[in-house]
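Asker: What follows is a single structure, and I will ask about it in a moment.
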């Protein structure tokens, strides 16, 4: 088919395709020399060209078909990619609009050149070509701007989300600092109160020794008891501080639960029987080896047993280990002690919470220590208690504790 039989706009589109490289370079030169486009100076030729050659090719299709709808999807896809890349390259919206306007001007100049070389390309053809080019470039500009705005909004949403999370974390940390401050003040008040009480009674014992030598044995017994109670208080404080301050990775080992069970019985039975209580024990023969931290498990059990003995004046303490479902096992410690009232159930694991009976030594940290240790050992604590009848604590542990990060 000869040129005379090719529709004028199709002939112009063919000319644009044949000059695609030249036209792209002409446009890039205009961009580089434009004083308003500062970001383009940092880009290579390849980065600057981006999807412009593809967009130019799709505009040629528009001219050939004299219909933007025919190539709208392809143009829109390339325009979005162009806008996204310009956003990443640091372009402002006005810079994006300016460089696409230079693209429009370059194509308009190509229309003039073609019409001057082709007398058959009439003014009507020029207007039609200008119309489709303006329509296509406007569509490219609008689509690119929308993509830039979308990227900006996503970034803003991301920053907003980070800011909200940071504010939430800050609020939690401020609350934690407040709780720590209150806890520290509570520690101070509790320890000062207990030490003052111990020292007052100790001072009374010393005065009794000096004023009534005949009652020396009574005074010594009173002083020894106060010293022992003071030691119990200090030991609990030290143990709790060690538990809270232990940031080292959890050391796991494989060991037989039966051995730990027997060790607990040997350790606790004399002190429990010394109070006139009975120690009942039961071990599930289905239990074998576990993977956990043996010392921390022992610490949990000892605190529960010690706590049970403190608050039980008559009856028995029971220690039980039994298998549970889903690869877990259960540690149970029960007593026939004073029990826990319904109003006190929410505060039993808090620091310095204990019975109001002044005869019970310690800082009230036993269950707080158990709670912190169970957090590390992934133990699930449950308890049931009836005031005046006793308490049952059950903690379910995994048979194989996983190391952090696995």
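The values are calculated or read from the model by the stated rules, or taken from the named source; none is laboratory data. Only a predicted model underlies this, so the values are computations on that prediction, with no experimental measurement involved. FYI the Cβ positions are ideal-geometry reconstructions off the backbone, even for glycines, and counts take in every protein chain you see.
Asker: Show me the strands (runs of 3 or more DSSP E) found entirely inside segment 246-298 where at least 2 residues are out of contact with any strand residue (DSSP E or B) (no Cβ under 6 Å at 6 or more places or on another chain). Show your work before the answer.
Answerer: Details: elements: 253-256, 278-283, 289-292.
Where strands (runs of 3 or more DSSP E) fall fully within segment 246-298 and carry at least 2 residues being out of contact with any strand residue (DSSP E or B) (no Cβ under 6 Å at 6 or more places or on another chain), they are 253-256, 289-292.
Asker: Continuing with the same structure: Going residue by residue through segment 55-69, is there one that turns out to be within 47 Å of the chain's Cα centre (by Cα), exposed (fewer than 15 other Cβ atoms within 10 Å of the Cβ) and at pLDDT 85 or above? Even if it seems obvious, please write down each step before you answer.
Answerer: Kept after step one, since they are within 47 Å of the chain's Cα centre (by Cα), are these residues of segment 55-69: 55.
Filter again for exposed (fewer than 15 other Cβ atoms within 10 Å of the Cβ), leaving none.
Checked segment 55-69: no residue is within 47 Å of the chain's Cα centre (by Cα), exposed (fewer than 15 other Cβ atoms within 10 Å of the Cβ) and at pLDDT 85 or above.
Asker: Return yes when residue 286 is over 20 Å from residue 392 (Cα atoms), under 39 Å from the mean Cα position of the chain (by Cα), loosely packed, with under 13 Cβ neighbours inside 10 Å and in contact (Cβ under 8 Å) with a residue 12 or more places away in the chain and no when it is not. Break it down into steps so the answer makes sense when it comes.
Answerer: On the way: over 20 Å from residue 392 (Cα atoms): yes; under 39 Å from the mean Cα position of the chain (by Cα): yes; loosely packed, with under 13 Cβ neighbours inside 10 Å: yes; in contact (Cβ under 8 Å) with a residue 12 or more places away in the chain: yes.
Criteria met by residue 286.
Asker: Residue check: is residue 17 surrounded by fewer than 17 Cβ atoms within 10 Å (Cβ to Cβ), assigned by TED's automatic domain parsing to the domain that holds residue 140, in contact (Cβ under 8 Å) with a residue 24 or more places away in the chain and under 19 Å from residue 74 (Cβ atoms)? Please lay out each step first, then the result.
Answerer: Numbers: surrounded by fewer than 17 Cβ atoms within 10 Å (Cβ to Cβ): yes; assigned by TED's automatic domain parsing to the domain that holds residue 140: yes; in contact (Cβ under 8 Å) with a residue 24 or more places away in the chain: yes; under 19 Å from residue 74 (Cβ atoms): yes.
Against the criterion (surrounded by fewer than 17 Cβ atoms within 10 Å (Cβ to Cβ), assigned by TED's automatic domain parsing to the domain that holds residue 140, in contact (Cβ under 8 Å) with a residue 24 or more places away in the chain and under 19 Å from residue 74 (Cβ atoms)), residue 17 qualifies.
Asker: Given the residues 287, 252, which is the only one that is over 28 Å from residue 386 (Cα atoms) and out of contact with any helix residue (DSSP H, G or I) (no Cβ under 9 Å at 6 or more places or on another chain)?
Answerer: Values: 287 fails: out of contact with any helix residue (DSSP H, G or I) (no Cβ under 9 Å at 6 or more places or on another chain).
Of the residues listed, the single one that is over 28 Å from residue 386 (Cα atoms) and out of contact with any helix residue (DSSP H, G or I) (no Cβ under 9 Å at 6 or more places or on another chain) is 252.
Asker: Answer with yes or no whether residue 100 is buried (at least 16 other Cβ atoms within 10 Å of the Cβ) and either without any contact (Cβ under 8 Å) to a residue 40 or more places away in the chain or not assigned by TED's automatic domain parsing to the domain that holds residue 143 (or both).
Answerer: Values: buried (at least 16 other Cβ atoms within 10 Å of the Cβ): yes; either without any contact (Cβ under 8 Å) to a residue 40 or more places away in the chain or not assigned by TED's automatic domain parsing to the domain that holds residue 143 (or both): no.
Here the answer is no, as residue 100 does not meet what is asked.
Asker: For residue 61, state whether it is assigned by TED's automatic domain parsing to the domain that holds residue 91 and under 17 Å from residue 134 (Cα atoms). Explain how you work it out, then say what you get.
Answerer: Numbers: assigned by TED's automatic domain parsing to the domain that holds residue 91: yes; under 17 Å from residue 134 (Cα atoms): yes.
In short, yes.
Asker: Quick one: residue 119 ticks every box in (1) buried (at least 16 other Cβ atoms within 10 Å of the Cβ); (2) not in a helix (DSSP H, G or I) except a single one, so which number is it?
Answerer: (1)
Asker: Based on this model, can you work out whether residue 95 counts as modelled with pLDDT of 90 or more and either within 24 Å of residue 14 (Cα to Cα) or buried (at least 18 other Cβ atoms within 10 Å of the Cβ) (or both)?
Answerer: Details: modelled with pLDDT of 90 or more: no; either within 24 Å of residue 14 (Cα to Cα) or buried (at least 18 other Cβ atoms within 10 Å of the Cβ) (or both): yes.
For residue 95, the condition - modelled with pLDDT of 90 or more and either within 24 Å of residue 14 (Cα to Cα) or buried (at least 18 other Cβ atoms within 10 Å of the Cβ) (or both) - is not met.
Asker: When you check residue 118 against the structure, is it under 26 Å from residue 34 (Cα atoms) and touching a helix residue (DSSP H, G or I) at 6+ places or on another chain (Cβ under 8 Å), yes or no?
Answerer: Numbers: under 26 Å from residue 34 (Cα atoms): no; touching a helix residue (DSSP H, G or I) at 6+ places or on another chain (Cβ under 8 Å): yes.
No.
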